[in-house]
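Note sheet for the following structure.
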Amino acid sequence: MLRPAAATEPACPADRLGTERVLALSTKGGFAVGLKSYPRSLDLADHEVVLTFDDGPWPKTTPLVLAALAHECVRATFFLIGRNAEAYPNLVRRELAQGETIGHHTYSHPILRLLSETKAQENIEKGFVADDKAAYGSAGAAPKVPFFRFPGFADTPTLVHWLESRDIGIFGADLWAADWLNMTPDEERKVILARLDKAGRGILLLHDTKASTAAMLPALLRDLKARGYKIVDIVPGDGRPAFRNAPPGWKSEIEAILAKLLAPHAHGRKQGAHLPESAE
Ligand SMILES: [Zn+2]
């Protein structure tokens, strides 16, 4: 379901990127999207991009990310770590005031696959509560924005089912720069643009906790404008989401990474192997 972003927005100068449209998504019955780990994604049009930022808020970097988004009049979704939201509620409220979508990413960013089902559910739940308290001053039985992303994308079938039964939408990602690895802002920006040009569209994973991401974001947004990309803002709503299925032969990139990293006695775990989102 679409509604124009322009109607209620303050005017944005024509040379800025701007938010092209708002995609209001019903999460009733749940869903899981993002081609890195699921065989479908949101049905974005060619050159449409959803910006997502994980692991914040973080005092050194989140304000820079927010300033870059505001300057280009674009809105993004932030998947918060509950304990960071608890520590920096002012930043969460700034995100909210700026019209960003406040999604959830557990309380303390454990790899949930390594926890018992109960502990995993508790950590997710505690994250919902901490995020909502920081954002809105109180938390209800269900999170106000029912959008969730697994740390390291390490889901389990049971947790996916549990979240879906609670009408939570699960967001993976379609592409990333791998900003959890060391790279210069310039390298990061070029990697994103190359991957985006190849994929043509998608849900982009970034981390507002990363200095390189905060540093390259203004230039990236200008590049997106120059290359004709359009930003889609995702929010909860009534529209049954339209999905686009993965091409034939699709495989989960995440499962291959996780199988290597989480295997007993995995080599490389201590030698710098990284989960897709190991921010801490
Ligand atoms: Zn994360």
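Structure notes:
- ILE111 being within 14 Å of the ligand (Cβ to nearest atom), aliphatic (A, V, I, L, M), surrounded by fewer than 24 Cβ atoms within 10 Å (Cβ to Cβ) and farther than 30 Å from ALA14 by Cβ: yes
- Residue match in the stretch 84-93 (condition: more than 16 Å from the ligand (Cβ to nearest atom), closer than 19 Å to ALA214 by Cα and in contact with a Phe, Trp or Tyr (Cβ under 6 Å, 6 or more places away or on another chain)): no
- Members of the stretch 223-242 that are loosely packed, with under 15 Cβ neighbours inside 10 Å and not in a loop (DSSP other than H, G, I, E, B): ALA226
- Any chance ILE203 is under 20 Å from ALA68 (Cα atoms) and within 16 Å of the ligand (Cβ to nearest atom): yes
- Residue list for the stretch 43-53, filter: in a strand (DSSP E or B) and more than 13 Å from the chain's Cα centre (by Cα): GLU48
Each row is one residue, and each column tells you yes or no for (1) at pLDDT 95 or above; (2) under 17 Å from the mean Cα position of the chain (by Cα).
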position	(1), (2)
ALA6	no, no
LEU17	yes, no
THR27	yes, yes
PHE31	yes, yes
LEU35	yes, yes
ASP55	yes, yes
TRP58	yes, yes
THR61	yes, yes
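- Positions within the stretch 142-153 being more than 10 Å from the ligand (Cβ to nearest atom) and part of a loop (DSSP other than H, G, I, E, B), in sequence order: ALA142, PRO143, LYS144, VAL145, PRO146
- Qualifying positions in the stretch 206-250 - under 14 Å from ALA173 (Cα atoms) and either within 16 Å of the ligand (Cβ to nearest atom) or without any contact (Cβ under 8 Å) to a residue 12 or more places away in the chain (or both): LEU206, HIS207
- Note on the stretch 189-207: among residues that are surrounded by 18 or more Cβ atoms within 10 Å (Cβ to Cβ) and charged (D, E, K, R), the one that is nearest to the chain's Cα centre (by Cα) is ARG201.
- Applying a threshold of 6 Å to beta carbon distances and a minimum spacing of six or more residues, or different chains, the list of pairs starting in the stretch 90-107 at a residue that is at positive phi and ending at one that is within 15 Å of the ligand (Cβ to nearest atom) reads THR106/ASN123; THR106/ILE124; THR106/GLY127; THR106/PRO151.
- Residue count for the stretch 110-129, restricted to those that are closer than 19 Å to GLY169 by Cβ, hydrophobic (A, V, I, L, M, F, W, C) and either part of a loop (DSSP other than H, G, I, E, B) or in contact (Cβ under 8 Å) with a residue 40 or more places away in the chain (or both): 3.
The values are calculated or read from the model by the stated rules, or taken from the named source; none is laboratory data. All values derive from a computational prediction rather than experimental measurement. With ideal geometry, Cβ positions are generated from the backbone for all residues, glycine too; neighbour counts draw on all protein chains shown.
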